[in-house]
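Have a look at the structure below before the remarks.
Here, each number is a calculation from the coordinates, and none is a lab measurement. All of these numbers come straight from a predicted model, not from anything done at the bench. Every residue, glycine among them, receives a Cβ derived from its backbone with ideal geometry; neighbour counts consider all protein chains shown.
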Ligand code: KG4
Ligand code: ZN
């Protein structure tokens with residue numbers, strides 16, 4: 001079974017081919033980051049127009065790479081939501097039109113399910129059941145995953161998602177969009193001992209989290225340091241603040257994950273979503289795993305952020321539930337569980 005996957009929920013056009021026998025055979029991605037950078041964030045209308053420009057050439061590039069034709073595809077999976085309405089409509093329209101033309105099934109995929117299952121594209125791959133720490137720009141959740149489609153939310157952020165906190169904090173530190181990865185790079189040469197920021201809800205009895213207060217604490221710290229430094233932060237201070245922020249967020253994510261593992265008795269932790277690319281988070285989880293005797297799994301680094309491969313894969317997993325191609329809709333807001 002050869003499944004074409006199309007992702008267009010935000011600012012990345014991703015297209016991939018997943019073969020149920022041979023695994024991921026091709027994946028191509030176009031990121032719109034440079035286009036949105038001059039506006040300091042994603043401009044939805046520009047995102048939709050760019051997806052329109054990219055989606056067909058990326059599909060052709062995937063097929064050409066492995067010497068196949070459209071007629072060789074057995075099913076098409078696309079991100080139906082959540083995401084930007086106009087952006088979602090591009091992938092949805094192309095997927096439905098192609099599937100209708102080819103007379104093959106079309107599979108509507110939940111974007112978070114794509115992230116959630118993406119560690120199964122790595123080797124070694126985790127067996128079910130597992131605990132998932134889903135940390136993206138739009139969501140931060142701890143989930144018990146018993147099988148494909150069997151998801152139970154155990155805890156989640158009550159306000160900002162972890163990636164959103166990275167991006168907003170980066171912005172107030174004057175870093176260019178998208179700031180999360182830049183902030184984390186600067187944090188690596190920051191001094192963890194110079195500043196200490198609050199760990200919101202670290203010791204709450206539940207598995208919920210909260211990150212918006214952390215951003216406010218950074219703002220207060222930045223103002224205080226700017227006042228001491230006559231208006232502008234020196235480079236080392238900026239790095240030290242980045243480090244203090246990252247220390248706080250990583251500690252909360254690790255502690256809540258450990259608590260969830262204990263509560264569920266699960267022995268496997270899967271990390272998914274863009275923040276899963278964070279090196280300090282990975283190192284802290286690896287250390288905890290060695291100490292507490294559980295296994296931790298990550299998607300391949302290139303598949304942490306949005307991509308078509310995870311959608312093709314989730315589509316292949318879901319093929320048996322495929323809807324007929326007649327009629328389509330997008331779901332900009334959509335809970336996975
Ligand atoms: O999963 P994703 O591509 O998009 C959503 O579905 O939201 O995640 C994007 C998020 C952004 O907020 C970005 O700042 C964050 O992941 N991110 C990182 C890193 N790389 C991406 N955050 C921290 N450290 C990183 N290395
Ligand atoms: Zn995503």
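Mind running the shape call on the range 197-334? Use the C-alpha gyration tensor, a ≥ b ≥ c as the square roots of the eigenvalues: rounded below 1.5 for a/c, prolate if a/b tops b/c, oblate otherwise.
prolate
Pull up the DSSP beta bridges for the range 127-298 and report the antiparallel fraction as a percent, rounded to 5.
Of those bridges, close to 60 percent are antiparallel.
If every alpha-carbon in the range 39-100 counts as one equal scatterer, what log10 I(q)/I(0) does Debye give at q = 0.13, 0.14, 0.21 1/Å?
Debye output, listed in q order: -0.40, -0.46, -0.89.
I want the antiparallel fraction of DSSP beta bridges within the chain, as a percent rounded to 5.
Roughly 60 percent of the beta bridges in the chain run antiparallel, per DSSP.
Would the range 127-298 count as rounded, prolate or oblate if I go by the C-alpha gyration tensor, calling it rounded below 1.5 in a/c and otherwise prolate when a/b exceeds b/c, oblate otherwise?
Prolate.
Work out how much length residue 152 to residue 234 would gain on full extension: take 0.36 nm times their residue separation and subtract the Cα-Cα distance, in nm to one decimal.
Here the answer is 25.0 nm.
Sort out for me the Cα centre separation of the range 224-272 from the range 10-56, rounded to whole Å.
If you average the Cα positions of each part, the centres end up 29 Å apart.
Let me know the volume per residue of the alpha-carbon convex hull for the chain, in Å³.
Enclosed volume per residue, from the Cα hull, is 127 Å³.
Given the Cα-Cα distance of residue 292 and residue 127 and 0.36 nm per residue of separation, how much length would full extension add, in nm?
Gain in length upon complete extension: 57.5 nm.
Tell me, in nm to one decimal, what length is gained between residue 189 and residue 64 on full extension, where the rule is 0.36 nm per residue of separation less the Cα-Cα distance?
In short, 40.8 nm is gained.
Using Cα pairs closer than 8 Å and at least 6 residues apart in sequence, work out the relative contact order for the range 127-298, in percent.
27
Normalised by the number of residues in the chain, what is the relative contact order in percent for Cα pairs under 8 Å and 6+ residues apart?
27
For the pair residue 226 and residue 267, what calculated FRET efficiency results from E = 1/(1 + (r/R0)^6), where r is the Cβ-Cβ distance and R0 = 30 Å, to the nearest 0.05?
Efficiency for this residue pair is about 0.05.
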